[in-house]
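The values are calculated or read from the model by the stated rules, or taken from the named source; none is laboratory data. All of these numbers come straight from a predicted model, not from anything done at the bench. In this analysis, Cβ positions are derived from the backbone assuming ideal geometry, glycine residues included, and neighbour counts consider all displayed protein chains. All accessible areas refer to the heavy atoms of the entire protein, side chains included, with ligands and DNA or RNA removed. Shrake-Rupley method; radii C 1.70, N 1.55, O 1.52, S 1.80 Å.
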Amino acid sequence: MSVRFAFAGFRHGHITMAHSALKSHPAAVIVAAAEEDERTRASCLKDGVILTHSSFERMLDEVDCDVVAVGQHYAGRGALVRAALERGRHVLADKPLCCTVAEYEAIARLSREKGLSVIAQFDLRGDGRFRALRRLIHEGAAGEVRAISFGGQHPLLHGRGRPDWYFEPGLHGGILNDIAVHAADFIPWITGRSFAYIEAARAWNAGFGEVPFFQNAGQAMLTLDNGAGVLGDVSYFSPDSFGYGTPYYWRTTVWCRGGVLETSCTQAGITFHGEGDSEATHIAPDPSIPLPYLDRIISDVLGDPAGEPDTADCLEATRVSVLLQQAADRSEHHVNLRSPQ
């Protein structure tokens, strides 16, 4: 049996990457693809995407499929995810799944009531460095986690590759929901802990006069359920000229009772400064798993769930990220994540 995918939107390169991988996946077949934006339709042809529809609603109504893969601009994703779930389809979506708390609540309710999977493209779970970091923490190599700092700074690439809709009013939805959603997913995953509180969050325009309403800066402070503190910066401050090649790209430092573990997306492996040691230990990454979310959604549809992230993981990361963005936009502090929102 092949799992049938229908694509709704190609407004970000992440979804195009999933489309390319699924074209050669032995357990998948792409049965339809829709894009409503004319400029994006033209670029789809260059990316080898065969479009079958110019209307999302028409595709959802006409095409028999198992999974709807959503790649609309951020502000439009929540509605498409809901529409797919209402029609009884599983969902694969680029992150973020949606931009508001109300959208998250509707998606979570539909997923639960209809027994449908909602999987987000959280690719850091497949990175061998982060997999090794998780393994070491779960094995207790450094003891209990006390604090974490992460840097998800990106190059802005305004006019040089970043989608134009990022800089149109109302379509982006906020920098914390855009980028910090990755940390909302991978920090509980690597630590085995959950988020207890959003202590503070800030999102603002830092000297980006070309688009004064755009949030190019974002920082957050959270607490895990064991009292450990989390500090993060996901600003668009990384120099464009370096792209994603700086040593700070998703640099993650975990301070534990028995030492400090650190890695990043450009580091060779894990660096461990252990309590009692005088020199750092360098640990090789675990094997990487390319695009793990594809195997997860396919296994869900086939009735033999395996791999990660699962629907509960993706919905919880979404809940934390939309509440984090809301906290920044409303200047809220000490937001309780343990209680139902």
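Looking at the square roots a ≥ b ≥ c of the eigenvalues of the Cα gyration tensor of segment 276-324, which shape do they give, rounded for a/c under 1.5, prolate if a/b is larger than b/c, or oblate? Mind showing how you got there, number by number?
On the way: a/c = 3.77, a/b = 1.58, b/c = 2.38.
Here segment 276-324 falls in the oblate category.
The separation of segment 113-149 from segment 199-229, counted between C-alpha centres, amounts to 22 Å. What percent antiparallel are the DSSP beta bridges of the chain, to the nearest 5? Beta bridges within the chain, antiparallel portion: roughly 60 percent. Assuming charge only on the beta carbon of Lys and Arg (+1) and of Asp and Glu (-1), the dipole of the chain about its Cα centre is about 20 debye to the nearest 20. To the nearest 10 degrees, how steep is helix 181-191 against the longest Cα principal axis of the chain, on a 0 to 90 scale? Taking the Cα atoms of the chain, the angle to 181-191 is about 50 degrees. Axis angle, to the nearest 10 degrees, between helix 128-138 and the longest C-alpha principal axis of the chain: 50 degrees. Between the helical axis of 292-301 and the longest alpha-carbon principal axis of the chain there is an angle of about 50 degrees. The charge dipole of segment 31-73, taken about its Cα centre with unit charges on the Cβ of Lys, Arg, Asp and Glu (plus for the first two, minus for the last two), comes to roughly 260 debye.
Name the residue, out of Ala200, Ala280, Ala327, whose mean-square fluctuation peaks in a Gaussian network model built on the chain with Cα pairs under 10 Å. Ranking Ala200, Ala280, Ala327 by mean-square fluctuation puts Ala280 first.
Shape call for segment 18-116 from the C-alpha gyration tensor, a ≥ b ≥ c root eigenvalues: rounded (a/c under 1.5), prolate (a/b greater than b/c) or oblate? Verdict is prolate for segment 18-116. The portion of the accessible surface of segment 232-319 made up by carbon and sulfur, rounded to a whole percent, is 55 (1.4 Å probe; DNA, RNA and ligands excluded). Take the Cα of Lys114, step 7 Å toward its Cβ, do the same at Ser24, and the gap between the two points is 3.3 nm. Surface composition of segment 6-52: carbon plus sulfur atoms contribute 55% of the solvent-accessible area (1.4 Å probe, protein chains only, all chains present).
Computed extension gain for Glu210 through Glu57, at 0.36 nm per residue and net of the alpha carbon distance, reaches 51.6 nm. For segment 47-143, the list of GluC sites (Glu not before Pro) that fall in a loop by DSSP and count at most 14 other C-beta atoms within 10 angstrom reads Glu139. Counting protein heavy atoms only, segment 79-138 has 41 percent of its accessible area on carbon and sulfur, 1.4 angstrom probe. Which of the three applies to segment 251-341, rounded, prolate or oblate, going by the alpha-carbon gyration tensor with a ≥ b ≥ c and a/c under 1.5 meaning rounded? Oblate is the answer for segment 251-341, as a/c is 1.5 or above yet b/c matches or exceeds a/b. Under a 5 Å amide H cut-off, with hydrogens placed 1.01 Å from N, Ala196 pairs with Thr223, Leu224, Asp225 among residues at least 5 apart or on other chains.
A Cβ-based charge dipole, computed about the Cα centre of segment 264-341 with Lys and Arg at +1 and Asp and Glu at -1, lands at about 380 debye.
Please sort by residue number the trypsin sites (Lys or Arg not before Pro) in segment 156-256 whose DSSP state is loop and whose Cβ has at most 10 other Cβ atoms within 10 Å.
Answer by residue number: Arg160.
Only DSSP H runs of four or more residues enter the estimate; each adds -39500 (n - 2.57), and after division by the residues of the chain the mean residue ellipticity at 222 nm equals -9500 deg cm²/dmol.
Stretching the chain fully between Glu275 and Arg146 yields a gain of 45.1 nm (0.36 nm per residue, less the alpha carbon separation).
Per residue, the chain exposes an accessible area of 42 Å² to a 1.4 Å probe, with every protein chain left in place. Put simply, the Cα atoms of the chain extend 64, 49, 41 Å along their principal axes, the longest span coming first.
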